[in-house]
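The values are calculated or read from the model by the stated rules, or taken from the named source; none is laboratory data. The model shown is predicted, which means the values in this text are computed figures rather than measured ones. Neighbour counts are summed over all protein chains in view; Cβ atoms, including those assigned to glycine, are modelled from backbone coordinates with ideal geometry.
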Amino acid sequence: MKIKVLRFILLFYLIGSGFAYGQSVKIEDVSKINQRNMGALYAGSEVSGYYFLQTLSRAQKGQKEFRLTIFDPDLNINATTEFVESKNLSLVEGITCESYILLKFIDFAKFRRILMMFGPEGTLLSKTTLELERKSREFPMISIYGNKQEPIAQTQMYTVPGQGFINYMPWIDKTYRISFIPLPDQGQPWEYVLNEEREGFDHLAMTNNLLLNNLVKKSSKKDKAPDFFLQGINRHSGIQQFSIQIEDQFQSEPLEAFANEKGDLFVIGLYFEPGRRSAKTSHSLGLFRYHIDPQGHLIDKKYISWTKEVAQKTKMNRKGKIDGGYLFFHDILKNNDGSFILVSEQFKRTAD
């Protein structure tokens, strides 16, 4: 029997979350540990406990047995739940809302995605299964770059505080899907389906009433420069509120978005010369900031040029490039006064 001590992993998780307790616990029959297998539970803003999902070694042939353990804040075991699934099932992502847990699994053999929601006592409250295409974009990110035992973790699920979960699903049967999984007595589930083939479909921000998404589309297969659209989905009903194309004298690519207290949205990204493809293949001219209202109307926009504003703070050549290097953006943060901080790191290019 393989035995690993959970105390080191939980301590690492707690330190990373801003906590550092002295308690520890030992769990037997743990063959493999990933950070996505564990998380914190909350009561309001306070940590009320933790969960840990493990794969047991005693399952019968062709099966995989899981155990979900719920701990209190002192790492005492509150509850355990065991369930049996296919041996090809792997956990892709886990997320919590208050003391509820949503786990996303992928079955690589039967091409299925399974969502399971568990309550505070570890009780299975819901289980939904969706058959996937073999060409689904949900698989290449997992089965090519990972394997059946170690899929690549993806952030496609988001918490709606006190209400439930939002799950984004990439291209399935040439559609994109967003679903809302409510907590008990917190509204009705809904699903939004976009029946258009797109190059990309990403979550940008969430307000009290909206989900803001970045939709990427090409006019034709030969078109090298994609078009970017900002889409607003009603968070309570799943109905599209607006879809606006980002059109100006530049080619603009959104990276991040934030909301203020009024529900206005601030979209930040890179801008390029017209006809350029994206940040992956082209050098940008600088950064842009769009300010839009909750109805999708543009209030104002601002551009920050590498060769003008940024060159005053760091050395740039006349083409807006850092001599012998490049900037990598780690994060974009919004201050209370409405200004933004872009956290980046400068690298020097080295020979291959």
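I want to confirm something. Restricting to the range 115-134 and keeping residues that are modelled with pLDDT under 85 and within 21 Å of the chain's Cα centre (by Cα), which single residue is farthest from Tyr100 (Cα to Cα)?
This residue is Leu132.
Looking at Gln231 and the list (1) in a loop (DSSP other than H, G, I, E, B); (2) at pLDDT 90 or above, which single condition is not satisfied?
For Gln231, the failing item is (1).
Looking only at residues in the range 190-201 that are crowded, with 16+ Cβ neighbours inside 10 Å and not basic (Lys, Arg), which one is modelled with the highest pLDDT?
Going through the qualifying residues, I end up with Trp190.
Only one of these conditions is not met by Asp107: (1) within 22 Å of Ile181 (Cα to Cα); (2) in contact with a Pro (Cβ under 9 Å, 6 or more places away or on another chain); (3) at pLDDT below 90. Which number is it?
Failing condition for Asp107: (2).
Inspect the range 57-76 for any residue being surrounded by 18 or more Cβ atoms within 10 Å (Cβ to Cβ), in contact with a helix residue (DSSP H, G or I) (Cβ under 9 Å, 6 or more places away or on another chain) and modelled with pLDDT of 90 or more and give the result as yes or no.
Within the range 57-76, one or more residues are surrounded by 18 or more Cβ atoms within 10 Å (Cβ to Cβ), in contact with a helix residue (DSSP H, G or I) (Cβ under 9 Å, 6 or more places away or on another chain) and modelled with pLDDT of 90 or more.
Restrict the check to the range 137-160 and report whether at least one residue is surrounded by fewer than 17 Cβ atoms within 10 Å (Cβ to Cβ), at pLDDT below 90, in contact with a strand residue (DSSP E or B) (Cβ under 8 Å, 6 or more places away or on another chain) and more than 27 Å from Tyr51 (Cα to Cα).
Yes, the range 137-160 contains a residue that is surrounded by fewer than 17 Cβ atoms within 10 Å (Cβ to Cβ), at pLDDT below 90, in contact with a strand residue (DSSP E or B) (Cβ under 8 Å, 6 or more places away or on another chain) and more than 27 Å from Tyr51 (Cα to Cα).
Can you tell me which of (1) within 23 Å of Pro120 (Cβ to Cβ); (2) aliphatic (A, V, I, L, M); (3) under 27 Å from the mean Cα position of the chain (by Cα) is the one Leu89 doesn't meet?
Leu89 satisfies every listed condition except (1).
Which condition does Ser90 not pass, out of (1) modelled with pLDDT under 90; (2) out of contact with any Pro (no Cβ under 7 Å at 6 or more places or on another chain), if it passes all the others?
If we test Ser90 against (1) modelled with pLDDT under 90; (2) out of contact with any Pro (no Cβ under 7 Å at 6 or more places or on another chain), just (2) comes out false.
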